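Data first, discussion second: the structure below is written as structure tokens.
The values are calculated or read from the model by the stated rules, or taken from the named source; none is laboratory data. Quick caveat: nothing in here was measured; it's all calculated off a predicted structure. Here the Cβ positions follow ideal geometry from the backbone for every residue, glycine too, while neighbour counts run over all protein chains shown.
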Amino acid sequence: MDKKIRVLVAKPGLDGHDRGAKVVARGLRDAGMEVIYLGLRLTPEQIVDSAIQEDVDVVGLSCLSGAHMALLPKTASLLREKGGKDILVVAGGIVPSKDIPQLTKAGIARVFGPGTPIAEIANSIRTTLEGKKR
Amino acid sequence: MAEDKKAKEMTERKREFRTTVDGILVKRVYTPADVESAPEQIGLPGEYPFTRHIMPTGYRGRLWTMRQYAGFGTVEETNERFKYLYKQGQTGFSVAFHLPTQEGYDSDHPLAAGEVGKCGVAIDSLRNMERLWEGIPLAEVSTSMTINATAPIILAMYIAAAEKQGADKSKLNGTVQNDILKEYIARNTYIFGPTPSMRLVTDICAYCAEAMPQWNSISISGYHMREAGATAAQEAAFTLANGIAYVQAMIDRGMEVDSFAPRFSFFFAAYTNVLEEVAKFRALRRIWAKIMKERFGTTNPRSMMLRYHVQTDGFTLTAQQPLNNIVRVTLQALAAVLGGCQSLHTNSFDEALALPSEEAVQVALRTQQIIAEESGVADTVDPLGGSYFVECLTNQLEVKIMEYIAEIDKIGGALKAIEKGYVQREIANSAYDYQKAVDSGEQVVVGVNKYVAAGEEMPETLEIGEETEVRQVESLRRLRRERDNKKVREMLDRVFTVARSDENVMPAMIEAVKAYATVGEISDALRKAFGEYREPSIL
């Protein structure tokens, strides 16, 4: 059997709206992944350090405060710098669609908007990771 | 009965009907048999237990306050939006502060990077607060401020700004949210632990009871719990349990209940299930009146009246087919009005995408105005009173709410229940159940899991540019150069000393903000006195 996919879910910045992050964390766990929920009010540095220490396959970031353009690319680039360049970074929250191309360029593989079913998030993570292995 | 038999043979489109996910089971039809004890329980508007309305005239006397929540970017931009809304017929202000202000950081703090002016207006000092209200006479308007952990600082700034305009603080009208308990349950803008936080909350309530008799010293809020996933009954129960904790805390500091309880106010959400929401509001009024009378022994009707603001529900708004949100907001606002709110905020249809645009804000406000002026529902008090279904649902919700309150009493009160994670866990479970119901299609969300449209175009949304942060940080640094820093130091020391004593912090806060000490500096003085809180991880 394959090793379980390890996911770190975290909220960068000061936004306290954690319903989505918690629901997704629990949903991914129910979908058979190993989930570490890091909680809220974190700096990109704290998130990256934990991701590397915990040796995760995926980092899921949630942001609803509008600070996504400052916080998400920074987290992705720090991750690359600190040796976590194979870690898949995905995001969720309130992100206007026009910001998505720039986030993709910055290394955020997918942005899951409001209303995305959890199964879709889980499938997307699985398929991307399998694609990477090949 | 022959007819009943006939009905039984007819198929229905669902096996069972419920108000909401895990909500109350809804019967095919309701009759007088479902509301046996109704007459005494129902009563009349303006009469104990106020099930039908707190006032005998309802909206026939005065419409609810139309209070749109607004704030973004710098004080100049927000001041302009305020004036725009006022011109459009808004009747009360409601300020959204950006997260650094809410969590006690100045705009140049590393944690504030990227957040400045994003989900609210940036306020670092009294200088910003003065500019926010330029051209708006604070002696005449009513203002609500969504601020909790830093409420003493922001209220102090508001008082100082109003006095500079020449207003008499004893005549100021408005609300400061000042409800820290729900921050540990949902929303998460706490700074200190529950015990020192409760002390700050009661400092404000005690100060207002004495110096600001027209000011609502707290707005005990269930809205954010609902947003976090609570059911209608959980929202109502956990809010009332927090209300009980605040009343008890005030009594414990030696205050007489009727000296502060008339200024306690509440804040709830309205979801799209109209009749369940109406029943929730009616049950809430009735339970609070009973609690105040039976548990706290008040005889003053004003202390028993549950006065509340409603916001339509942000979580139910969809990014898909955003114009549908106008309909959702209309139904939710209708529920709020049929339920008897004193004040209402209607959300803008683009809020699942970004901060609201001016056009979306206008439609949201017009929604309230159409309900008020065209629908006719505001022309009689509690128009749904006596409906077999609504009365039955009100009674059923009352039972459910009281069960939760009894459970929290058993744990040892709201503070203990929060510390143990009970409340957070109940809400997290409901949030997860809801998501599963949506994912499975059992809970229909139009445009998301049914009637889905392909290839949608997104509307134009409001954007806060990076220059906001640059300008805000520059003006903050200018302030630090221009003010009397020796005086600031003295005032901050004073705040620290008072925080360590039993003295009310408000007078020292007012002096500190007048010397232009910043939100971050005053919060640091309090951090030094109280320490900081880390949340227990509850999934």
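Quick notes
- Considering the conditions (1) of a type outside the set (A, V, I, L, M, F, W, C); (2) out of contact with any helix residue (DSSP H, G or I) (no Cβ under 7 Å at 6 or more places or on another chain); (3) outside any helix (DSSP H, G or I), B:Glu490 is excluded by exactly one of them, (3).
- Residues that are among the small types (Gly, Ala, Ser), closer than 22 Å to B:Asn188 by Cα and not in a helix (DSSP H, G or I), drawn from the stretch B:228-279: B:Ala228, B:Gly229, B:Ala230, B:Ser265, B:Ala269, B:Ala270
- Lone qualifier among B:Gly104, B:Gly114, B:Gly135, B:Gly120 - being buried (at least 22 other Cβ atoms within 10 Å of the Cβ) and over 27 Å from B:Ile220 (Cα atoms): B:Gly114
- Some residue of the stretch B:462-473 being in a loop (DSSP other than H, G, I, E, B) and farther than 27 Å from B:Leu111 by Cα: no
- Of all residues in the stretch B:280-320, those being outside any helix (DSSP H, G or I) and touching a Gly at 6+ places or on another chain (Cβ under 6 Å) number 3.
- Which listed residue, of A:Ala25, A:Ala21, is more than 7 Å from chain B (Cβ to nearest Cβ) and either at pLDDT 95 or above or in a helix (DSSP H, G or I) (or both): A:Ala21
- For the stretch A:73-96, taking the residues that are in a loop (DSSP other than H, G, I, E, B) and over 12 Å from the mean Cα position of the chain (by Cα), the one that is farthest from the other protein chains (Cβ to nearest Cβ) is identified as A:Asp86.
- Residue, nearest to the other protein chains (Cβ to nearest Cβ), within the stretch B:441-483, restricted to residues that are surrounded by fewer than 17 Cβ atoms within 10 Å (Cβ to Cβ) and touching a Pro at 6+ places or on another chain (Cβ under 9 Å): B:Met458
- When the residues of the stretch B:409-423 are filtered to those that are surrounded by fewer than 23 Cβ atoms within 10 Å (Cβ to Cβ) and part of a helix (DSSP H, G or I), the one that is modelled with the lowest pLDDT is B:Glu419.
- Within the stretch A:1-49, considering residues that are closer than 21 Å to B:Leu111 by Cα and of a type in the set (Gly, Ala, Ser), the one surrounded by the most Cβ atoms within 10 Å (Cβ to Cβ): A:Gly13
- Only a single criterion out of (1) surrounded by fewer than 16 Cβ atoms within 10 Å (Cβ to Cβ); (2) out of contact with any Phe, Trp or Tyr (no Cβ under 9 Å at 6 or more places or on another chain) is not satisfied by A:Thr116, namely (1).
- Within the stretch B:21-73, if we keep just the residues that are among the hydrophobic types (A, V, I, L, M, F, W, C) and exposed (fewer than 13 other Cβ atoms within 10 Å of the Cβ), the residue that is modelled with the lowest pLDDT turns out to be B:Ala33.
- Test: B:Leu85 is within 26 Å of B:Lys514 (Cα to Cα) and either in contact (Cβ under 8 Å) with a residue 60 or more places away in the chain or away from every other protein chain (no Cβ under 14 Å) (or both): no
- Considering only residues in the stretch B:486-539 that are among the acidic types (Asp, Glu) and under 22 Å from B:Ala206 (Cα atoms), the one that is surrounded by the most Cβ atoms within 10 Å (Cβ to Cβ) turns out to be B:Glu511.
- Subset of the stretch B:500-539 (residues that are part of a helix (DSSP H, G or I), among the small types (Gly, Ala, Ser) and within 14 Å of chain A (Cβ to nearest Cβ)): B:Gly520, B:Ser523
- Each residue in the stretch B:217-235 was checked for being more than 19 Å from B:Tyr184 (Cβ to Cβ) and free of Cβ contacts under 8 Å to residues at least 60 places away in the same chain, and 1 pass.
- Residue in the stretch A:107-134 that is nearest to A:Ser62 (Cα to Cα), counting only those that are of a type in the set (Gly, Ala, Ser) and either within 13 Å of the chain's Cα centre (by Cα) or assigned to a helix (DSSP H, G or I) (or both): A:Gly113
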